[in-house]
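The values are calculated or read from the model by the stated rules, or taken from the named source; none is laboratory data. Here the structure is a predicted model, which is why all the values come from computation and not from measurement. Note that we place each Cβ from the backbone using ideal geometry, even for glycine, and neighbour counts take in every protein chain shown. Ligands, DNA and RNA are excluded from the accessible area calculation, which covers all protein heavy atoms including side chains. Shrake-Rupley method; radii C 1.70, N 1.55, O 1.52, S 1.80 Å.
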Amino acid sequence: MRRYLIWILLLTISMEAKSQLLDSLRMEVGTIATAASKGYLPLWLVSNRFGVITDQRYDMSTNLKATSSMRFGEDYNPINDNVDRGYYLNYGVNIYNNSHFGKVLIPEAFIIARHRKMSLRIGRYKRVIGEVDTDLSSGSLGVSGNALPIPQISAALDYTDIPFTNGFAQFKGQFSHGWMGGNQFLKNAYLHEKNLYIRLGKNKLKLYGGIQHYAVWAGNNPLFPKLDKSLQAYFNVVFSRAANDGTVPDGVLPNRVGDHRGIIEAGIEWENDDLKITVNNQTPFEMGQGIDPRNIDRLLSLNIINKREGAAVS
């Protein structure tokens, strides 16, 4: 009898999971046709497309996207409890065909596990790092939206209250490891990525600031010596320590392991029921150089959102 009860329980769980999968399954199919008077497309038809539009005179990019989600844990009642303690699992795949039907791309194939403010992402997925407006034509200075996303494992924490500040001060962060692949000069290199942001304010006015750190390390190229990809080399990359990764002879003072770049970002946000105004600044640096208020290299943006219903401009 115990064996039969176990089988009935497993069958019930399986049926519930399949039912929830079908309820949340979402399918999207689309085609983007591009044409130009010359042998290449204008810049803004190709940029910020995550590599799914070819730079050809005539082409079509057809895609099929499937996503789904599941929720586990106790029921969430927003009336009696404003904290959702459930566990969420989101997953999906996005397949493109272009280059006159001769090329298949997978810009997205991911699994995302979420619980409250925490998330764990595995796979390829489109993303814009930081607080910059996602619709900004130039994109972020951190990660380009012009190339295919790389496979990554990423742990992130969304804005969370700093203790003893009564919600006035919040922080968020992300820590990732990625694989760059073989289609580049330094083949099969790794990408280390992390960022940390602080936000102040809990009413209409908010100030925020943060730093993004990126480092490409390891990999191989016939023109280079064999690069160190050990666990010790990884820690040297994470903490930006100087060490010999195989690129310098003995007796020569080594540099930091890997190729390091980053973004310093800061901004101010004001929002009421009708308007949202944001001023954002990103300043790049490389290998520690450029971290200076006198650095004039920057991406400065002003975003005004009109939230009034029926407004002519929004």
(request) Report the label-to-label distance for Asp133 and Ser240 in nanometres (one decimal), using points 7 Å from each Cα along the Cα→Cβ vector. (result) 3.0
(message) Compute the orientation-averaged projected area for the chain from the convex hull of its Cα atoms and round it to one decimal in nm².
(response) 25.5
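Let me have the 222 nm mean residue ellipticity of the chain computed from DSSP H runs of 4+ only, each contributing -39500 (n - 2.57), with the sum over all residues rounded to the nearest 500. Display every interim value, and only then the final one.
On the way: 3 runs with 35 residues, N = 314.
For the chain, the value works out to -3500 deg cm²/dmol.
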(message) I want to check the label-to-label distance for Lys276 and Glu74. Put each point 7 Å from Cα in the C-beta direction and report it in nm to one decimal.
(response) 3.1
(message) Which entries of Lys103/Lys307; Lys65/Lys202; Lys103/Lys187; Lys103/Lys276; Lys126/Lys187 have Cα-Cα distances beyond 32 Å here?
(response) Lys103/Lys307; Lys65/Lys202; Lys103/Lys276
(message) Give me the one-decimal nm value for the distance between modelled label points at Lys226 and Tyr88, 7 Å along each residue's Cα-to-Cβ direction.
(response) 4.6
(request) Would you mind listing how long segment 217-303 runs along its three principal axes, going by Cα atoms, in whole Å with the largest first? (result) 62, 27, 23
(request) Starting from the coordinates of the alpha-carbon atoms of segment 113-259, obtain the Kirkwood hydrodynamic radius over all distinct pairs and give the value in Å to one decimal. (result) 17.4
(message) Between Gln184 and Tyr159, what is 0.36 nm times their sequence separation minus the Cα-Cα distance? Round to one decimal in nm.
(response) 5.5 nm
(message) Using all alpha carbons of segment 144-209, what is the percent of pairwise distances in each 10 Å bin, ordered from the shortest bin to the longest?
(response) 18, 35, 23, 17, 7
(message) For segment 154-286, what does the accessible surface come to per residue with a 1.4 Å probe? Please give it in Å².
(response) 55
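What part of the accessible area of the chain, given as a whole %, is carbon or sulfur when the probe is 1.4 angstrom?
Working: 12030 of 20080 Å².
Whole-percent figure for carbon plus sulfur exposure: 60.
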(request) Compute, for Arg85, the solvent-accessible surface of its heavy atoms (probe 1.4 Å) with the complete set of protein chains present, and express it in square angstrom to the nearest 10. (result) 100
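May I ask you to work out the translational diffusion coefficient for segment 66-156 at 4 °C, viscosity 1.567 mPa s, via Stokes-Einstein with Rh from the Kirkwood sum over Cα pairs, reported in whole µm²/s?
Numbers: Rh = 15.6 Å.
Estimated diffusion coefficient is 83 µm²/s.
Let me know the charge dipole size of segment 52-134 about its Cα centre in debye, to the nearest 20, where only the beta-carbon of Lys, Arg (+1) and Asp, Glu (-1) is charged.
Numbers: 12 positive and 9 negative charges, 54 e Å.
Result for segment 52-134 is approximately 260 debye, rounded to the nearest 20.
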